[in-house]
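Below is one structure, written out as C-alpha cells; the observations come after it.
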Number of protein chains: 2
Amino acid sequence: MSDNSTLKMVPHTLKLRRLGIDTYRENVAYLHRECELYRAEGFQALSKVTVCAGERRILAVLNVVDDDDIVMPTQLGLSEEAFVKLDLEEGREVSIEHAEPPASMAAVRRKIAGERLNQQDFRDIIGDITDKRYSKTEISAFLVATGQSDMDRDEVYYLTKAMTEAGEQLSWDEPLVVDKHCIGGIPGNRTSMLVVPIVAAHGMLIPKTSSRAITSPAGTADTMEVLANVELDLGKLREIVRRHRACLAWGGTAELSPADDIMIAVERPLGIDSQGQMVSSILSKKLSAGATHLLIDIPVGPTAKVRHMRQAQHLRKLFEFVGDQFAIQLEVIITDGRQPVGCGIGPVLEARDVMQVLQNLPEAPNDLRQKALRLAGRVLEFDPDVRGGKGYSIARDILDSGRALDTMNKIIEAQGRQPTSYQPGRLVHDVLSPGDGFIVDIDNFRLAQIASFAGAPIDKGAGVDLFKKLGSRVEKGEPLYRIHAEFSSSFNFALKLCADRSGYRIGGQEQIPGAFVEF
Amino acid sequence: MSDNSTLKMVPHTLKLRRLGIDTYRENVAYLHRECELYRAEGFQALSKVTVCAGERRILAVLNVVDDDDIVMPTQLGLSEEAFVKLDLEEGREVSIEHAEPPASMAAVRRKIAGERLNQQDFRDIIGDITDKRYSKTEISAFLVATGQSDMDRDEVYYLTKAMTEAGEQLSWDEPLVVDKHCIGGIPGNRTSMLVVPIVAAHGMLIPKTSSRAITSPAGTADTMEVLANVELDLGKLREIVRRHRACLAWGGTAELSPADDIMIAVERPLGIDSQGQMVSSILSKKLSAGATHLLIDIPVGPTAKVRHMRQAQHLRKLFEFVGDQFAIQLEVIITDGRQPVGCGIGPVLEARDVMQVLQNLPEAPNDLRQKALRLAGRVLEFDPDVRGGKGYSIARDILDSGRALDTMNKIIEAQGRQPTSYQPGRLVHDVLSPGDGFIVDIDNFRLAQIASFAGAPIDKGAGVDLFKKLGSRVEKGEPLYRIHAEFSSSFNFALKLCADRSGYRIGGQEQIPGAFVEF
C-alpha cells in the first residue's frame, strides 16, 4: 500500500452540531457541500451515513447543505431525534462512515418478489427498524410489500412476535390482567375512559395505555389529557395501577413496541393499513403491556375502517389465530360503526361526553353509554366468577351507582388532575341542514377530518359537536353540528372543508340504513 | 358564523426564506414550532403543506424547527429545489394551506390491493409525481406496488406513455434517428462512447443523451465529462447534432422524463428495479429523445442485473411489446455479463480505455472493442442500405481506419474539450492474488462498490483498474487490480471494503464459467 496521505490532508472528524429540526422519526445528518470528509460520499443526498463517536453509532439519511448558518464545512448537524439518540454534547468530535443499506432489506426485496418470510426475517427487519436503520422510503417499501399480497397468518404471527420482542415487557404478577382495544376509525369513540373505571371498580386489573392521535382528531391519551396528566414514567404508572387497579396513560413513554411507533408514522399518512399490520401492531403493544385477557372492538360501517361483515369476520379470525399463539385470552366484538359515537369529536368535547356518562347526567349521549356498558360487560366476563351474559348488568350497576365516577376521579387524582379546566374552542360555526328530512348518512372520515382541520387534537378545545345522529328528523336551517376552533387560521381551514362537503346527508325515512350488526 | 377573530390575531402570511438544504428531489418546508400559522396543522412533521403565493403553489413535506437560526416563527424555509420551483425571492409573503394527499394516491392504494390500473390512473400518478406532489414515502409505495405483483404488459405500456407525455419531446425531422441503451449493472461498460462515433462516422443520426451515475461508479455522462463538457442546453445540443450527426451529452438538462428522474432517486437506494419499471424508464427517455430505431443491450451473468436467460428473454419480449405500441424499431441483444467490460472502472480509467480503443493502441482492452463493434454493427444494420450481418465489418473498418477517432474528436471539440487532463487518483493500492490458479469469478457488484467507495464518480480519477479477467492464470502475490483514490478518507473506505471481500475468486481451470450467451 502506498497511502501517500501527505498529498491532501483530510480531517478525520467533524464537530457535532444539534439542529433543532424534527424530521419525524427519521435520523437526518446535515453536511456542508464543501465538507472534505463528505466529498468521498458522492452527491447523493438520499444515501445514508453512519455517524460514529467511539462505540456510539447511528445511521442517518444525508442532506447536503450550502448554508454556513446551518452547518459549517467542519461540522456535522443532526436532526433532533438523531441528536438525542447519539446522546453526545454539541461540539464533540464525530466521524462518518459509509452506510450499507440495512442487511434485512434483502428480506424486504424477497417479500417484494412474492416470497414468504420466516421468523428470522421478521426479527431482523424489526430489529433494524427499531434501531432506526431504515429510512422512511425503506419502511414504506416494507409496509407496501407486506400489505399488498397480504401476509399469511403465520407471517402475521412472526411479525407480531418480532415487534413484541423489540419492546419493553411489563409484567404485573397477577393471573388476570385485562385490556380492551378498538381498531379505530370511529370519531368520538371514547369507550376506554368508561370501561376502565367500571372494570377497575369491579376489582379487575386494567393498566390501560393508549396512543395519541396520528391522523385522527383525538386518541384516548389526548382526551384523557384534558382531565389528567398522561405522561407517566414506568415507576409512577406501576404505583398507580397497584393502588387503583387501573390507569389511563399515554403508552409512548413505555416503549412497548418501538418499531410500531416508527412504522405508524409512515403508514398513516400513506393511508395504508392492511389487516395483518393492524393485528400485529395492536397485539404487539397489548402483549408487551402484559395483558392476559383482551377484548377487541371491530366497528363495521360504510365509512369505518372495516366496511363489510365478511372483512370483519376475516379480521376476527386473524386476531384469534395470532392471539392463540401467545396464549392470550382474546375475544372479538363486532360493533356498529355507521356513525361517530357520542356527540363530541376532539379532546375537550369528548372528555365532556365521557364525564356526562360517568355522572349519569340526562344530557349524556346514550349511544356512548350503551356501547361502553356492553364492552365493559364483556371484559367483566373474563372474571371466572361472572356468569356468561351477566357482565352488562354488573357494569350498569357500577356506572349507575356512581362507583365508576369515584374510580375515575381517583385515577385522575393519582395521575395528576389538570390545573386548568379546558373549554371548547371559542370560535364557533353551526352547520345547518340544507333541507327537511332524516339524517341518512354521517361520514366518519369527513367529520374526523373537519375536526382535525379545526385544530384537534393539538388545540384541545377544537373539534366538532354533533347535534343530530342517524335517523334524527331535521328541518331546513336546523343546526346539524357545531365546529369549534381556537385559532382563526384553523377555523377557516375547517369551514372551507365543511363548505365543500359537510359529511351529513339528508334523505327520506326509508333511506335510514340499518346497522350491520345487532346488539 | 361568529368568527370572533379579535380573540387571537394570527398573521396570514410568512416570509419566505431560502435554506440551502438539498433534500434530494423532495420538497421540504421548514416551520418554527412556535409559528402561529403552523400550530393549526398539528405536530406531524411528516404531513404535507401547500405553500402558496398568488397563483404559485407547491406541495412540501413539513419539518418542524426549534432553532431560530434556521427559521424564525414568522418565516417559512424551503429546501433548495422547492425554493427554485416556487421561483420567488427571499422575504416574499407566502401562505400555507393544508395539503391533501395527492388524489392519485387512491389509485396507488388500489394497486396495493391488487387491482390493475388503467391509462388514466397512470397518467394521474405520473402527473402528480412530475409536479412533486408525492413524498418519497409515497413514491416508494408506488414503486413497490407496481414492482411486486409486477405490472402486466399493458400497464407497462400505460406507464411508459404517461412518463413520455410528462417530459419534453425532441424531434429531429429525419426518418432515421438511432440510439442504443444498456440496462446497466456491468462496470466499465462504456460502449456508447465507441458506438456513437462509429455510427455517426457512417452518417447516421445518433443524438445520445446519457445519465450520470446514481449508485454506480460512473454513468456515460460522468465518463464523457473527463474529455468534454456534457451539460449542453438544448439549442447547443441541436446545433452539434446537426453539424456532427451525434453528441454525447448529459440528458438531465433536457427534462426528457422528469418523473423518471424523481422515481430513480428513490428506487436505486432501495435496490428495487422491476422489469416493468426498467422498460418504462428506458423507453420513456428514448421516445422523448426522438429515437426511431433503438438497440437495447441486456447483459446476463451471475452478478449482472439479469441473472438467467429466461429472465432475459422475458425482459426482451416486454421491451419488444412496448416498443411496438409506439412504433419504434426496437432490437434487443443479449450479451455476456459475467464480468466488467474493459479494464477501468471510474470516469478517468474508463475514458482511458475508450480512447485506447479509438486510437487502436495495442494495450486497448479487446473485450470492450469487440463488444462495441458488435453493438455498433447492429445499429448500422438499421440503415436500409446495410445488408443484415454486414454491420460488424463496416464498424470495424470505421474504427480501424481512424474515422471513429476523428468523429470523436470533433464531438469533443464541439461540446468543449476539458481544459485540464484528468489523471487517475494518486492514492493507489494493489490487490494481490491470494493463491495460484485461474480467475473463476469477478463480482460486478463488488467491484462497482469498491470503485464507488474510492470516490467515483465525484472524484473523477478514483476507481479500480483490472489487471486480470475471467480465465486468466495468476500466481500468488500477483496483482489482480489496483484501487485509485484522490482522498485518503475514501481510499480507506475502499480498502476496508476490499479487505473484507475483494470480488475476485481464484480456482481451478475447470471452474472457469462459460458465457451464458455466444456471440
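The values are calculated or read from the model by the stated rules, or taken from the named source; none is laboratory data. Quick caveat: nothing in here was measured; it's all calculated off a predicted structure. With ideal geometry, Cβ positions are generated from the backbone for all residues, glycine too; neighbour counts draw on all protein chains shown. Keep in mind that these areas ignore ligands, DNA and RNA; they rest on the heavy atoms of the full protein, side chains included. Shrake-Rupley method; radii C 1.70, N 1.55, O 1.52, S 1.80 Å.
Dimensions of the range B:218-259 from C-alpha coordinates, computed as largest minus smallest value along each principal axis and given longest first, are 28, 27, 13 Å. Expressed as a fraction of 2.2 N^0.38 Å, the value expected for a compact globular protein of N residues, the C-alpha radius of gyration of chain A is 1.07.
In order along the range A:245-262, phi translates into HN-Hα couplings of 6, 7, 8, 9, 10, 6, x, x, 5, 7, 6, 6, 8, x, 4, 5, 4, 6 Hz, rounded to whole numbers, per the Karplus curve 6.51 cos²θ - 1.76 cosθ + 1.60 with θ = phi - 60° and x for Gly and Pro.
Shape analysis of the protein assembly as shown based on the Cα gyration tensor places the equivalent ellipsoid semi-axes at 59, 30, 28 Å, largest first.
Under the combined filter of DSSP loop state and at most 14 neighbouring Cβ atoms within 10 Å, the range A:63-141 retains these GluC sites (Glu not before Pro): A:Glu89, A:Glu90, A:Glu115.
Charge dipole of the range A:310-455 (Cα centre as origin; +1 on each Lys and Arg Cβ, -1 on each Asp and Glu Cβ, all else neutral): 160 debye, rounded to the nearest 20.
Relative contact order, whole percent, for chain B stands at 14, derived from Cα pairs under 8 Å and 6 or more residues apart. If the cut-off is 18 Å between C-alpha atoms, which aspartates and glutamates fall inside it for A:Lys468, apart from same-chain ones fewer than 8 positions away? Filter leaves A:Asp336, A:Glu350, A:Asp353, A:Glu363, A:Asp367, A:Asp430, A:Asp436, A:Asp441, A:Asp443, A:Glu478, A:Glu510.
Sorted shortest first, the separations between the A:Arg116 label point and its copies elsewhere in the assembly read 2.8 nm; each point sits 7 Å from Cα along the Cα-to-Cβ line.
Full extension of the chain segment joining A:Arg92 with A:Arg116 gains 4.2 nm, where the gain is 0.36 nm per residue of separation less the Cα-Cα distance. Taking every protein chain into account, the accessible area of the protein assembly as shown amounts to 38 square angstrom per residue (probe 1.4 Å).
Interface of B with A. Using a 1.4 Å probe and counting protein heavy atoms only, the two chains hide about 7100 Å² of accessible surface, both sides summed. With both labels modelled 7 Å from their Cα along Cα-to-Cβ, the B:Arg56 to A:Asp69 distance reads 1.8 nm.
Treating each Cα of the range B:321-392 as one equal point scatterer and applying the Debye formula with no solvent, the log10 of I(q)/I(0) at q = 0.23 Å⁻¹ comes out as -1.03.
With Cα atoms defining each centre, the range B:360-437 and the range B:163-200 are spaced 16 Å apart in the structure.
When shorter helices are ignored and each DSSP H run of at least 4 residues is given -39500 (n - 2.57), the per-residue value for chain A at 222 nm works out to -12000 deg cm²/dmol.
Karplus-based coupling profile of the range A:291-305, in residue order and whole Hz: 5, 9, 9, 9, 9, 10, 9, 10, x, 10, x, x, 10, 8, 4, with θ = phi - 60° in 6.51 cos²θ - 1.76 cosθ + 1.60 and x standing for Gly or Pro.
Measuring nothing but alpha carbons in the range A:167-208 and taking Rh as the Kirkwood radius, the Rg to Rh ratio lands at 1.03.
Amide H to amide H, with H built 1.01 Å from N, B:Leu480 comes under 5 Å of B:Val431, B:Leu432, B:Ser433, counting only residues 5 or more places away or on other chains. Put simply, the range B:60-139 fits an ellipsoid with semi-axes of 32, 14, 10 Å; these come from the alpha carbon gyration tensor as the roots of five times its eigenvalues, largest first. Ranked from shortest, the separations from the 7 Å Cα-to-Cβ label point of B:Asp173 to its equivalents in the other copies are 9.1 nm. Sorted from nearest, the other copies put their B:Glu97 label points 4.9 nm away, the label point being 7 Å from Cα in the direction of Cβ.
Between the Cα long axis of helix B:444-453 and the first principal axis of chain B there is an angle of about 60°, rounded to the nearest 10.
Percent of C-alpha pairs per 5 Å bin in the range A:390-485, short distances first: 3, 11, 14, 13, 12, 15, 17, 10, 4, 1. Of all DSSP bridge pairs formed entirely within chain B, close to 55 percent run antiparallel. Taking the empirical scaling 2.2 N^0.38 Å for compact globular proteins as reference, the range A:293-421 has a Cα radius of gyration ratio of 1.19. The H on the amide N of B:Ser210, modeled in the peptide plane, is under 5 Å from the matching H of B:Ala249, B:Trp250, B:Gly251, each at least 5 residues off or on a different chain. A simple charge model with +1 on the Cβ of Lys and Arg, -1 on the Cβ of Asp and Glu and nothing else charged puts the dipole of chain A at about 1160 debye relative to its Cα centre.
Restricting the calculation to alpha carbons of the range A:244-362 gives Rg and Dmax of 16.1, 45 angstrom.
Rolling a 1.4 angstrom probe over the protein assembly as shown with all protein chains present gives an accessible area of which 47% lies on carbon and sulfur atoms.
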